[in-house]
Amino acid sequence: MDYSKLSLHVESRRDAFLEELGSILRIQSISADPSKKGEMVRCAETISEMMRSVGIENVKLFETDGNPLVYGDHIHAAGKPTVLIYGHYDVQPVDPLSEWETPPFEPTVRGDDLYARGSTDDKGQLFIHLKAFESYKQLSEDLPINLKYIFEGEEEIGSIHLEPFIRSHRDLLKADVVVISDTAMYGRDMPTICYALRGMAYLELTVENAPIDLHSGSFGGAVANPANVLADLIARLHDERGRVTIPHFYDDVLEVPAEERAEIARLPYSDEEFLRQSGAVAPYGESGYSSNERLWIRPTLDVNGIYGGFTGEGAKTIIPARATAKISMRLVPNQSSEKILDLFAAYIRQIAPPTVKTTVKKMHSGEPALTPIDHPAVRAASESLETVFGKKPFFIREGGSIPEVLTFQEALGAPVILLGFGLPDENSHAPNEHLYLRHFFDGIKTAALLYDKLARK
Ligand code: BES
Ligand code: ZN
């Protein structure tokens, strides 16, 4: 594929690509919201249509007990490698809605970015692969490799149904390499390959006392307050050095060798840029580690939300009947989410006071993953990035999770390449999610070039 021809083609299709991407961004495919079931199906169907229209074959929806999986393939390059592309069409909830400058499901270009829920995570990045396919086909007809696609609608809630599907459809999904674009680049115009993700263990911790709220004058001080107790329990989950206090929490952590820590330290980093990206007041975390290390190589525990009692306007004097915290733990290679959830529950049993009822409800989990950095397919991806971005890629870990990476590697025996085109400050999971359009178009070019590079390896 002639790169300048490819590049001109992609740039000339700019408006059409954005228009088409808009048609999937307008669908409210929030997997966490049970009332959006119809939108999930509509999104899966729209993507299937789009796949057919670009020339992908055998497009099929697989029903699950949750949201449908979308499969398609194009297998005409005998003797050449097969690449499985994975992406997710579900998105995160949009609240707080009032903080969006334009509505989350009305895609809007402002400046250099496209704003919409799912623009970077992950509809925009999934779409990159469809347009790479279409562009390649329009420019040169024959594809030099075989392609398979699997798109799911439950990534943001833990990929509950994809995991058994992968294990029971090994033949269908069989590939030499899996490519996923659902991570971020290290920074603007810094092409990146990610080689490790953290895992996830998610739970709800609930503290209850009386069956209904009590008048805090009549009872306050003489019965335990579930909100006070919850706050106390949460406070006891970390020590003053920022370490998680759950016994045995760190037992299985695979310590990262000194050479790798030195590599991480060599990446461009400044607190100033980190604070700009995050908007936070100051860096914070486990002592003895840099920000990148805290994000990439250390397990963490965070409260995602707390609710209970009176949270409306004004003041109301009650002892809440119950209070809940949604808590997630990010895990690093060699930790097991199941084991960590059990350790959490055991610790709460140990420290919870007998004056309330405490429950731990397991939500979802996903395992950490390491991907190879010296595989020929990684070199192919690296060369494609270099051609498009004009510089060699950064190799980084990331702090986020994609639960199925490990499953793909285990069940298919194929390496996963995390070739993401997002940015850390694109507000994924937050109001005003957006996608830097330069990276979107360059992503399409990179993905198309990758076909040639892989065919030669
Ligand atoms: N695209 C993210 C994964 C990600 C986030 C990679 C940040 C690199 C950096 C993905 O859509 C996601 O948000 N995953 C969830 C998984 C969880 C619900 C099991 C996550 O990380 O919170
Ligand atoms: Zn996400």
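The values are calculated or read from the model by the stated rules, or taken from the named source; none is laboratory data. Values in this document were obtained by computation on a predicted structure and should not be read as measured data. Neighbour counts are summed over all protein chains in view; Cβ atoms, including those assigned to glycine, are modelled from backbone coordinates with ideal geometry. Just the protein is used for accessible areas: all its heavy atoms, side chains included, with ligands, DNA and RNA removed. Shrake-Rupley method; radii C 1.70, N 1.55, O 1.52, S 1.80 Å.
Taking the alpha carbon gyration tensor of segment 93-139, multiplying each eigenvalue by 5 and rooting it gives semi-axes of 27, 12, 6 Å, largest first.
Any idea what angle helix 337-351 forms with the longest principal axis of the chain, computed on alpha-carbon atoms, 0 to 90 degrees, nearest 10? The answer is roughly 10 degrees. For a straight C-alpha distance cut-off of 16 angstrom, the aspartates and glutamates reachable from Lys316 (same-chain residues fewer than eight places away being disregarded) are Asp213.
A 1.4 Å probe run over segment 121-258, with the rest of the protein chains in place, finds 38 Å² accessible per residue. Compute the long axis of helix 14-25 from its Cα atoms, compare it with the longest principal axis of the Cα atoms of the chain, and write down the angle in degrees, 0 to 90, nearest 10. The helix 14-25 is inclined about 40 degrees to the chain. Normalised size of segment 36-155, defined as Cα radius of gyration per 2.2 N^0.38 Å with N residues, equals 1.17.
The candidates His364, His215, arranged from most to least accessible area with a 1.4 Å probe in the full protein assembly, appear as His215, His364.
A full extension of the chain between Glu63 and Glu286 corresponds to an added length of 76.0 nm, given 0.36 nm per residue minus the alpha carbon distance. All Cα-Cα separations within the chain were binned at 20 Å from zero, giving a P(r) of 23, 55, 20, 2, each value a whole percent of the pairs. Its Kirkwood hydrodynamic radius, worked out from the mean inverse distance over all distinct Cα pairs, puts segment 319-457 at 18.7 Å. Relative to the longest principal axis of the Cα atoms of the chain, the long axis of helix 3-12 makes an angle of roughly 60 degrees. Using a cut-off of 13 Å between beta-carbons, work out the net charge of the residues near Leu172 (Lys and Arg +1, Asp and Glu -1, Leu172 not included). Spelling it out: positives minus negatives among the neighbours equals +3. Over segment 69-115, the Kirkwood radius and the radius of gyration, each from Cα atoms, give a ratio Rg/Rh of 1.22. Remark: segment 299-346 is approximated by an ellipsoid whose semi-axes, taken from the C-alpha gyration tensor as √(5λ), come to 33, 12, 5 Å, largest first. Could you compute the FRET efficiency for Glu273 and Asn334, with r as their C-beta to C-beta distance and R0 at 45 Å, rounded to 0.05? The value I calculate is 0.90. Between Val253 and Glu141, the FRET efficiency from the beta-carbon distance, with R0 = 60 Å, is close to 0.75. At q = 0.20, 0.30 Å⁻¹, what log₁₀ I(q)/I(0) does a Debye calculation on the Cα points of segment 411-455 give, no solvent, two decimals? Listed by q, the Debye log ratios stand at -0.78, -1.07. With the cut-off at under 19 Å, measuring from each backbone N in segment 281-295 to a point 7 Å along the Cα-to-Cβ line of Glu240 picks out 284-289.
Within straight-line reach of Lys60, meaning a Cα separation under 20 Å, sit the following lysines at least 8 residues removed in sequence or on another chain: Lys37, Lys123, Lys131, Lys148, Lys174. For segment 256-351, the fraction of C-alpha pairs farther apart than 23 angstrom is 49 percent. In the chain, the sites counted are GluC sites (Glu not before Pro) in DSSP loop states with at most 12 other Cβ atoms within 10 Å, and the longest stretch holding none of them, exclusive of the sites, is 314-457. The alpha carbons of segment 259-307 occupy a box of 43, 24, 15 Å along the principal axes, longest dimension given first.
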